[in-house]
Amino acid sequence: MAATSASFVLFLIAAAFFLSSATSLQIDCTGRQIYIRRLPPRFNTDLLANCSAYPLFVESFCPYTANHGLGLKTHNRSQSWYRTDPLLLELLFHRRVLEYPCLSTDPSAADAVFLPYYSALDALKYLYGPEVNSSFNHGLDLHRFLLSDQPHIWSRRSGHDHFLVMARPAWDFSQPLSNDPPIWGTSFLELPDFLNVTALTFESRPWPWQEQAIPYPTSFHPPNLPLLNAWIRRVSSSRRTVLSLFAGGGGGISASPNIRRSIRIECENTSSFDPHPYSKLCEVVDCSNGVCEHDPIRYIKPMLQSAFCFQPPGDTLTRRSTFDSILAGCIPVFFEDQSARSQYTWHLLEEEFGELSVFIPKENVVYGDLKIIDVLMAIPSWKVRRMREKVVEVMPRIIYRSHGSSPGLRAKKDAFDITIERTLERIKTRLEEVSAQ
């Protein structure tokens, strides 16, 4: 495994130089140059070698490291569908950065510095492993390396130009340093040493400027434009025979009042009637115990048949299912503002939310007498069509296309492209603010 890890590192370095030199003459890279910080393998590829060390899944997460983080294909002939695990976004993102056309070999000339640190994988030993009582140490080794190896790269801008991906909600890295004994999470984002670094997470906290939520990866990673367009046609033409769908688990069987329980109760007590445009008003896909996590056929097909998809908060406010529903053209229904509107501002513009989603305050459902089905039934059919069209329109923005994709597909911005573009803008703005102080 060590040899495999070393070979992979060499491949990454070679690919970075090749792709940079091959494309830099064709594209204007003014203000867009990124330097990839070279980190020892203990911060990235060695962590992949420990994929069987933590009981996150039935066996291990080793299968999901395949295809540079896309995971194994859902079936042998699949060209776009994979068993993708969100935890591997750091690997997936790293591979895509290597294809970025404006890579710089000179850190002093770069506009931003990317840290290819697999923070969510490194966090596993603090969350589930032997160092659970030392979670305040998460990130200290990385910081020591940045200060000791070519320290001028870090000190030049005190880390303000650095960014990294953290493939978990920010809350998982936000345990106060003062907690004794430690509770859930690590303290990476609480370390003063990293307060200047832009952290790209699945769910950001409301106050820290350096955190930004980016889309969870779906299982759809097309390699070319025809395959993306074919999927868009299928989504657009899909016959929606179910009014609403909830795909999820947990919380729904709880005795205490919560939005998931209210949704399940309403679905169970709702029956269709004739004449009616829908054969069913509400359907539940039970994803308890993680059965849907790496099996997209369980939920994508029902989503294709549904007009609206419920996105209630669970353990966290955000859900991967939000992006699965957009991928399937199923209009998301939110119950918390921080489930999406105030999170994914780079990829789903705030002014668009009313055009592509429905918002129902959870308090009105859980503690009031508001029926979700009544709200959805009151939306005119012409408006439902327009909302679905808007959902399909934004779909390319929230998917991560496959690495090595065709030039035609690369011309259409995906979640990665938008993330890089907006990260560079944020770093530029932050540097201007710091220099003006």
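Restricting Tyr35, Tyr64 to those that are at pLDDT 85 or above, touching a Gly at 6+ places or on another chain (Cβ under 8 Å) and surrounded by 17 or more Cβ atoms within 10 Å (Cβ to Cβ) reduces the list to Tyr64. Here Arg401 clears all of (1) outside any helix (DSSP H, G or I); (2) touching a strand residue (DSSP E or B) at 6+ places or on another chain (Cβ under 8 Å) except the condition numbered (2).
Looking at segment 106-161, what helices (runs of 4 or more DSSP H) fall wholly within it and have at least 2 residues that are touching a Leu at 6+ places or on another chain (Cβ under 9 Å) and surrounded by 21 or more Cβ atoms within 10 Å (Cβ to Cβ)?
Passing ranges, in order: 119-122, 140-148.
The single residue among Glu355, Glu336 that is open to solvent by 10 Å² or more (accessible area, probe 1.4 Å), under 22 Å from Arg386 (Cβ atoms) and of a type outside the set (Val, Ile, Thr) turns out to be Glu355.
Tell me, please, whether a residue that is more than 30 Å from Cys29 (Cβ to Cβ) and in a helix (DSSP H, G or I) can be found in segment 407-428.
Checked against the condition, which is being more than 30 Å from Cys29 (Cβ to Cβ) and in a helix (DSSP H, G or I), segment 407-428 yields no hits at all.
Summed over segment 222-240, residues that are closer than 19 Å to Glu389 by Cβ and touching a residue at least 24 places away in the same chain (Cβ under 8 Å) total 9. So for segment 163-170 (the condition being open to solvent by less than 60 Å² (accessible area, probe 1.4 Å) and more than 30 Å from Arg298 (Cα to Cα)), does at least one residue qualify? Checked against the condition, which is being open to solvent by less than 60 Å² (accessible area, probe 1.4 Å) and more than 30 Å from Arg298 (Cα to Cα), segment 163-170 yields at least one hit. From the list Pro107, Pro116, Pro169, the lone residue that is farther than 22 Å from Pro215 by Cα and modelled with pLDDT of 95 or more is Pro107. If you go through segment 298-317 one residue at a time, do you hit one that is in contact with a Leu (Cβ under 8 Å, 6 or more places away or on another chain), free of Cβ contacts under 8 Å to residues at least 60 places away in the same chain and either open to solvent by 40 Å² or more (accessible area, probe 1.4 Å) or within 25 Å of Ala415 (Cα to Cα) (or both)? So far as segment 298-317 goes, yes, one or more of its residues are in contact with a Leu (Cβ under 8 Å, 6 or more places away or on another chain), free of Cβ contacts under 8 Å to residues at least 60 places away in the same chain and either open to solvent by 40 Å² or more (accessible area, probe 1.4 Å) or within 25 Å of Ala415 (Cα to Cα) (or both).
For (1) touching a helix residue (DSSP H, G or I) at 6+ places or on another chain (Cβ under 6 Å); (2) open to solvent by 20 Å² or more (accessible area, probe 1.4 Å); (3) of a type outside the set (Ser, Thr, Tyr); (4) under 28 Å from Gly404 (Cα atoms), each residue gets a yes or a no:
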position	(1), (2), (3), (4)
Ser174	yes, no, no, no
Pro181	no, yes, yes, no
Trp184	no, yes, yes, no
Phe188	yes, no, yes, no
Leu191	no, no, yes, no
Trp209	no, yes, yes, no
Pro223	no, yes, yes, yes
Arg239	no, yes, yes, no
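Do we have Arg83 as under 23 Å from Arg298 (Cα atoms) and modelled with pLDDT under 95 here? In short, no. Would you pick out the residues in segment 267-306 that are in contact with a helix residue (DSSP H, G or I) (Cβ under 6 Å, 6 or more places away or on another chain) and either farther than 21 Å from Ser80 by Cβ or among the β-branched types (Val, Ile, Thr) (or both)? The answer is Thr270, Leu281, Cys282, Val284, Val285.
The values are calculated or read from the model by the stated rules, or taken from the named source; none is laboratory data. If you're wondering where the values come from, they're calculated on a predicted model, not measured in any experiment. Every residue, glycine as well, gets a Cβ built from its backbone with ideal geometry; the counts of neighbours run over all protein chains shown. Accessible surface is based on the protein model in full, side chains and every heavy atom, while ligands, DNA and RNA are left aside. Shrake-Rupley method; radii C 1.70, N 1.55, O 1.52, S 1.80 Å.
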